Amino acid sequence: MQHILDELARRRAQAKLGGGERRIAAQHAKGKLTARERIDLLLDEGSFEEFDMFVEHRAHEFGMADQKVPGDGVVTGWGTINGRTVYVFSKDFTVFGGSLSGAHAAKIVKVQRMAAKVGAPVIGLFDAGGARIQEGVDSLAGYADIFMENVLSSGVIPQISVIMGPCAGGDVYSPAMTDFIFMVKDTSYMYVTGPDVVKTVTNETVTHEDLGGARVHAQKSGVADGAFENDLEALVQVRRLVDFLPSSNREEAPSRESFDDPSREEPSLDTLVPANPNKPYDMKELILKIVDEADFFEISSEYAKNIITGFARIDGETVGVVANQPQVLAGVLDIDASRKAARFVRFCDAFSIPILTLVDVPGFMPGTKQEYGGLIKHGAKLLFAYAEATVPKVTLITRKAYGGAYDVMSSKHLRGDINYAWPTAEIAVMGAKGAVEIIFRADAKNPEALAQREAEYKAQFANPFVAASRGYIDDVIMPHGTRRRIARAFKSLRTKELSNPWKKHDNIPL
Ligand code: HXC
């Protein structure tokens with residue numbers, strides 16, 4: 001009997017060695033952890049249960065029949081994060097560069113299907129060279145099988161991708177269809193075609209880092225939702241994110257008892273908005289002062305910084321926060337900000353996470369760059385996302401809510417449930433200066449008359465009371481009592497029921 005047990009132990013040890021000591025050392029030398037080390041850091045200690053440790057590829061060509069490594073370049077299974085089940089797959093770069101064979105793909109599909117069945121998040125850790133070149137079409141078929149599961153699981157279970165090494169070709173499209181992508185700075189990159197192909201096709205010379213490094217995707221393209229310093233930080237932050245999310249669309253996000261009194265007053269908020277309406281202030285200060293224990297997990301913090309998105313808790317319950325940032329481009333809505341926020345709102349709605357919207361927006365960004373880029377369609381995405389969302393929606397206008405952007409930012413008219421304004425709010429078609437220049441064009445050459453008209457317009461419209469008199473604002477609240485009012489608003493909405501008319505699916509302006 002003992003020799004049978006010994007044989008199992010031997011096989012396990014061999015599988016755990018992946019591509020061998022030499023390649024593990026090379027992985028470490030690049031500042032990267034191995035597939036198994038990453039899983040150990042991601043999951044609760046000792047909670048990992050591995051599947052398919054002994055799976056091998058079935059290719060024969062190019063001498064592959066003699067080159068089999070148990071596990072075939074990906075470690076899969078499940079474990080827990082703070083006690084809650086998650087499924088994982090972690091590409092093992094030490095085995096054929098983590099490249100994807102038919103057998104390797106089948107292992108990933110197995111955990112994707114298990115996760116969907118039991119209703120648990122899937123987390124993929126990427127570090128791979130794309131399609132297994134020796135396998136050909138079986139590899140392409142495997143990718144498509146993974147993509148299919150990504151799509152079927154979208155909106156059913158949270159899907160998270162962490163890019164921790166190369167990620168090219170077939171490997172990029174699976175993360176692209178997941179809910180969140182995080183990257184590790186300096187050691188990871190993502191692109192459809194690498195620098196060599198770019199050089200051949202477009203004659204452009206570009207490095208891996210400049211083409212698809214973490215900074216490029218977290219700041220410029222918006223493909224990545226965050227960039228972290230190293231493997232350890234990325235994995236710790238994924239654990240933090242998972243804590244905010246429900247396990248599936250059938251469950252609620254976990255609530256966490258907080259020592260932060262939901263009625264806590266913040267006198268400093270009474271002076272947050274500067275007297276001069278053109279002066280910026282930091283909307284993040286408001287967020288941190290009203291959420292539980294100032295704990296805010298920001299999504300896409302480096303991209304389209306004119307809008308802030310992220311998760312927090314209020315009175316122990318997860319909320320998604322969307323907030324204009326007056327400190328960047330005066331908080332204007334442009335293409336990037338609209339896309340970023342629309343995707344976030346849709347995630348929250350799909351997973352029943354209530355949405356808090358903090359508004360200080362001067363409108364949509366003017367200009368040919370924006371119009372040629374399709375601002376109309378991109379702005380409409382955010383409008384569409386807010387309008388279709390049926391989760392509890394609480395909105396607070398701190399200062400400007402001008403024009404179409406007023407409508408878009410979770411207004412009463414888009415089924416905002418509870419809409420508050422601070423006394424500093426200005427809800428109008430546009431700012432006073434622009435307004436009088438249009439409607440009193442005859443006074444254009446008379447600055448004194450214009451100034452007089454501007455003052456009149458301001459007195460009439462630069463306040464929340466016109467909107468409040470129509471019932472478009474439910475109440476004008478004291479800034480220092482904001483946390484209490486918002487906490488009570490969300491509490492009152494916990495039993496909200498609202499559904500949209502039956503349809504196969506909508507046709508959001510993509
Ligand atoms: C098989 C691969 C491989 C691949 C790497 N390896 N990529 N084996 N198929 N795609 C192997 C190498 O032979 C090597 O084996 C080991 O992995 C490490 O690779 P290195 O090149 O030594 O590492 P490094 O210098 O760090 O470069 C990493 C890399 C490079 C940038 C990823 O390996 C690379 O360019 N690979 C090819 C990428 C590619 O073109 N993939 C196909 C994309 S097309 P040994 O034995 O020496 O350790 C695609 C289409 C799918 O994905 C479309 C579906 C929709």
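All of the numbers you see were taken from the coordinates with simple rules; none came from a lab. Bear in mind the structure is a predicted one, so any value in this text is a computation, not a measurement. Quick reminder, even Gly has a Cβ in these numbers, built from the backbone with ideal geometry, and neighbours come from all protein chains shown.
Across q = 0.16, 0.18, 0.28 Å⁻¹, the range 165-208 modelled as identical point scatterers on its alpha-carbon atoms has Debye log10 I(q)/I(0) values of -0.48, -0.58, -1.01, in the order of the q list.
Pairs of alpha-carbon atoms within less than 8 angstrom and 6+ residues apart define the contacts here; what relative contact order does the chain have, in percent? List each step's numbers first, then the result.
Details: 1056 pairs, mean separation 47.0, N = 510.
Rounded, it is 9 percent for the chain.
Once the Kirkwood radius over Cα pairs is known for the range 119-184, the Stokes-Einstein relation at 37 °C and 0.692 mPa s delivers a diffusion coefficient of 269 µm²/s.
Scanning residues 5 or more positions from VAL206 or on other chains, none has an amide H under 5 Å from its amide H, with H placed 1.01 Å from N in the peptide plane.
Here the range 342-427 was treated as a single set of alpha-carbon atoms; its pair distances binned every 5 Å from 0 give 3, 16, 24, 23, 18, 11, 5, 1 percent. The C-alpha atoms of the chain define a longest principal axis, and helix 2-16 lies at about 50 degrees to it. Each residue of the range 427-444 is assigned a 3J(HN,Hα), and the resulting list reads 10, 7, 5, 7, x, 4, 5, x, 5, 6, 5, 8, 7, 10, 4, 4, 8, 3 Hz, derived from the Karplus form 6.51 cos²θ - 1.76 cosθ + 1.60 (θ = phi - 60°), x at Gly and Pro. Here's the list of lysines a cross-link from LYS30 could span, going by alpha-carbon distance under 27 Å and ignoring same-chain residues fewer than 8 apart: LYS16, LYS68, LYS91, LYS107, LYS185, LYS199, LYS220. The trypsin sites (Lys or Arg not before Pro) of the range 424-510 meeting both criteria, a DSSP state outside H, G, I, E and B (loop) and at most 11 other C-beta atoms within 10 angstrom of the site's C-beta, are LYS445, ARG494, LYS503, LYS504.
Filter the chymotrypsin sites (Phe, Trp or Tyr not before Pro) in the range 410-510 to those in DSSP coil with at most 13 other Cβ atoms within 10 Å of their Cβ, and list the result.
Working: sites: TYR420, PHE440, TYR457, PHE461, PHE465, TYR472, PHE490, TRP502; in loops: PHE440, TYR472, TRP502.
Qualifying residues, ordered by number: TRP502.
May I ask which residue of GLY170, GLY124, VAL201 lies farthest towards the positive end of the charge dipole of the range 121-203, with charges of +1 (Lys, Arg) and -1 (Asp, Glu) on Cβ and the Cα centre as origin? Result: VAL201, furthest along the dipole toward the positive end.
All other residues whose Cβ lies under 14 angstrom from that of VAL162 are scored, Lys and Arg at +1 and Asp and Glu at -1, for a net of -2.
Taking each pair of distinct Cα atoms in the range 309-466 once, what is the resulting Kirkwood hydrodynamic radius in Å? Walk me through the intermediate numbers first.
Values: mean 1/r = 0.0607 Å⁻¹.
Computed over Cα pairs of the range 309-466, the Kirkwood hydrodynamic radius comes out at 16.5 Å.
Could you state the per residue volume, in Å³, of the convex hull enclosing the Cα atoms of the range 10-144?
Numbers: hull volume 14.2 nm³, N = 135.
Here the figure is 105 Å³ per residue.
The share of C-alpha pairs in the range 1-89 whose separation exceeds 15 Å stands at 67 percent. The loop-placed chymotrypsin sites (Phe, Trp or Tyr not before Pro) in the range 218-274, going by DSSP, that have at most 16 neighbouring Cβ atoms within 10 Å of their Cβ come out as PHE259. Applying Stokes-Einstein at 4 °C and 1.567 mPa s to the Kirkwood radius of the range 247-358, computed over alpha-carbon pairs, gives a translational diffusion coefficient of 87 µm² s⁻¹. Converting phi to 3J(HN,Hα) with the Karplus coefficients 6.51, -1.76 and 1.60 and the offset θ = phi - 60°, the range 263-269 yields 8, 3, 8, 10, x, 5, 5 Hz in sequence order, with x at every glycine or proline. The calculated pair-distance distribution of the range 186-270 uses every alpha carbon pair, bins of 5 angstrom beginning at 0, and gives 3, 11, 13, 13, 13, 11, 12, 9, 6, 4, 3, 3, 0 percent.
Computed FRET efficiency, Cβ-Cβ of VAL118 and HIS505, R0 30 Å: what is it to the nearest 0.05?
Details: r = 25 Å, r/R0 = 0.82.
Efficiency, from the Cβ-Cβ distance: 0.75.
Remark: the range 314-322, residue by residue, has Karplus-estimated 3J(HN,Hα) of 10, 6, x, 9, 5, 10, x, 10, 10 Hz, where x stands for each Gly or Pro and the curve is 6.51 cos²θ - 1.76 cosθ + 1.60 at θ = phi - 60°. Listed by chain and number, the lysines whose alpha-carbon sits under 16 Å from that of LYS279, ignoring those within fewer than 8 places in the same chain, are LYS400, LYS433.
Local charge for GLN325 was computed over the other residues whose Cβ lies under 9 Å away, with Lys and Arg +1 and Asp and Glu -1, and equals 0. Once the Cα atoms are used to define both axes, helix 335-350 deviates from the longest principal axis of the chain by about 70 degrees. Could you tally the net charge around GLY226, taking each other residue with its Cβ under 9 Å from the Cβ of GLY226, Lys/Arg +1 and Asp/Glu -1? Value of the local net charge: -3.
Quantify how much of the Cα-Cα distance distribution of the chain extends past 30 Å, in percent. Display every interim value, and only then the final one.
Details: 68332 of 129795 pairs.
Of all Cα-Cα distances in the chain, 53 percent exceed 30 Å.
For ILE308, the residues whose amide H sits under 5 Å from its own are ALA323, ASN324, GLN325, ignoring neighbours fewer than 5 places away on the same chain, with H placed 1.01 Å from N. For MET430, the amide hydrogen comes within under 5 Å of the amide hydrogens of GLY403, counting only partners 5 or more places away or on other chains and with H modelled in the peptide plane. For the pair ILE438 and ARG84, a Förster radius of 45 Å applied to the C-beta separation gives a FRET efficiency near 0.20, rounded to the nearest 0.05. Relative to the longest principal axis of the Cα atoms of the chain, the long axis of helix 482-492 makes an angle of roughly 70 degrees. When the alpha-carbon atoms of the range 133-238 are used, the pair Rg, Dmax equals 14.5, 43 angstrom. Computed from label points 7 Å out along Cα-Cβ, the spacing between ARG22 and GLU56 is 2.0 nm. Counting only lysines at least 8 places from LYS503 when in the same chain, those with an alpha carbon closer than 21 Å to its own are LYS381. Computed across the range 257-323, the Kirkwood radius stands at 13.1 Å (inverse of mean 1/r, all Cα pairs).
Scaled to the compact-protein estimate 2.2 N^0.38 Å, what is the alpha-carbon radius of gyration of the range 438-510, rounded to two decimal places? Don't skip to the answer; put the middle values down first.
On the way: Rg = 21.3 Å, N = 73, 2.2 N^0.38 = 11.2 Å.
Dividing the Cα Rg of the range 438-510 by 2.2 N^0.38 Å gives 1.90.
Placing R0 at 30 angstrom, the Cβ-Cβ distance between GLU456 and ASP282 gives a FRET efficiency of 0.40 after rounding to 0.05.
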